[in-house]
1. How about region 1-92: which helices (runs of 4 or more DSSP H) wholly inside it have at least 3 residues that are surrounded by 14 or more Cβ atoms within 10 Å (Cβ to Cβ) and of a type in the set (A, V, I, L, M, F, W, C)?
2. Is there a residue being basic (K, R) and at positive phi anywhere in region 2-16?
3. Would you pick out the residues in region 32-53 that are touching a helix residue (DSSP H, G or I) at 6+ places or on another chain (Cβ under 7 Å) and either under 20 Å from I66 (Cβ atoms) or of a type in the set (G, A, S) (or both)?
4. If you go through region 54-72 one residue at a time, how many are of a type in the set (D, E) and more than 21 Å from V9 (Cα to Cα)?
5. Does any residue in region 8-27 that is in contact (Cβ under 8 Å) with a residue 60 or more places away in the chain come within less than 7 Å, Cβ to Cβ, of a residue that is surrounded by 14 or more Cβ atoms within 10 Å (Cβ to Cβ) and in a loop (DSSP other than H, G, I, E, B) six or more places away or on a different chain, and which pairs are these?
Amino acid sequence: MEEGVKRWVVDISKWDPLPRQFSFALSLLPPQQHSSVTRFFKTQDQKRALISRMLQYALLHDLIKINNPFLFTIKTTSQGKPFLDIQDYDKLGITFPNFNFNVSHHGDYVAIASEPLCLVGIDIVSFDIPQGETVADFIHSFESYFSSLEWYNILNAPTSNHVLIQFYRYKYIFFITDACSWFKML
C-alpha cells in the first residue's frame, strides 16, 4: 500500500481484561480522551471505545513516528469522525496533503482506515437478527434507500436469513457508494 494508507482490524472477542489491566490501558491515553471511553455503561462498549482510541494513536505513531500521544490532539467532528488538529500538522511534520482517518466498531471488531489524499470512511456491520420484531418489520423502514430492483431482490430472497443477507449486502454497498464516488478495497 502507498504511504499513509492503512487498514487495520482488531478482533476484541478474546480480550477480557481485569479492571486494573483496563485502567492501565486507559492511562496510556491523554486524560481528555478518558471520558470518551468511560462514558459507556457496558463493558463491551468501553472495550470497543478504548481499542478505537488506542488504534487512532497507534496509527499516528506508525505514520509519523512520535511515541508521545500527548504531543498532538485527536478531535472529532459533530458526527464523531476523528481528525488530527490541523495546527498539529506542521508541528508533527505531516506531509500528506489531506491526511484523514476513520474508525468503526461493532460486535467483536474495531477497525481503522487512513488515506493521505482522499476522504476515507469505514463501517463495520455485523449480521444481526432483529430482536422483538420480524425481519420484514425490521427492513421495511429502509425501503427508500434501495432501488426497486434491489428491494425486489431483498424481499424475494428464499428465507428470512437470506433476506437479511441481501439487506446487509445492499445496505453496505449503498452506504459506501453514497459516501464516496469510489472506494479502495483492502
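1. Answer list for region 1-92: 19-27, 43-64.
2. No, there is no match, as no residue in region 2-16 is basic (K, R) and at positive phi.
3. Q33, S36, A49, R53
4. Result for region 54-72: 0.
5. Sorted first by the residue in region 8-27, then by its partner, the pairs are D11/D108; I12/D108; S13/D108.
Every number here is computed from the coordinates shown, using simple stated rules; none is lab data. Worth saying up front: this structure is predicted, and the values here are computed from it rather than measured. For neighbour counting, all protein chains shown are included, and Cβ atoms are generated from backbone atoms with ideal geometry for every residue, glycine included.
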